[in-house]
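Presented below is the structure to which this report refers.
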Amino acid sequence: MAKKFPLHPAHPERVCWGCDKYCPAGSLQCGNGSGRTQHPAEVLGDDWYLHGDWGLDVPEENPAGVSGKR
């Protein structure tokens, strides 16, 4: 089973997010010659998972405290 992908990691700049290994930025194990892959939050902002289909199990959030009762 793959590791659960974090929505808001504390220090995303310290990790490569390119595969399920989540290697430290200074010792990548992929060996494909590429650099560190950024976390989507670094590129798209904190609400990155709300836009598009990422295939993640994201819990439903109550936006701005809006109640479903009227």
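Read the figures in this text as sums done on the coordinates, not as results from a lab. This is a predicted model, so every value here is computed, not measured. Reconstructed Cβ throughout: ideal geometry from the backbone, glycine too, with neighbour counts over all protein chains shown.
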Original post:
Excluding Thr37 itself, what net charge comes from residues whose Cβ is under 14 Å from its Cβ, given Lys and Arg +1 and Asp and Glu -1?
Top reply: 0
Original post:
Simple spin-label model, 7 Å along Cα-to-Cβ: Ser34 to Glu60 in nm?
Top reply: 3.5 nm
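Loop-only trypsin sites (Lys or Arg not before Pro) in region 1-58, please: DSSP not H, G, I, E or B, and at most 15 other Cβ atoms within 10 Å.
Those that pass, being in a loop and sparsely packed, are Lys3, Lys4, Lys21.
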Original post:
Exactly which chymotrypsin sites (Phe, Trp or Tyr not before Pro) in region 24-60 are in a DSSP loop and have at most 16 other Cβ atoms within 10 Å?
Top reply: Trp54
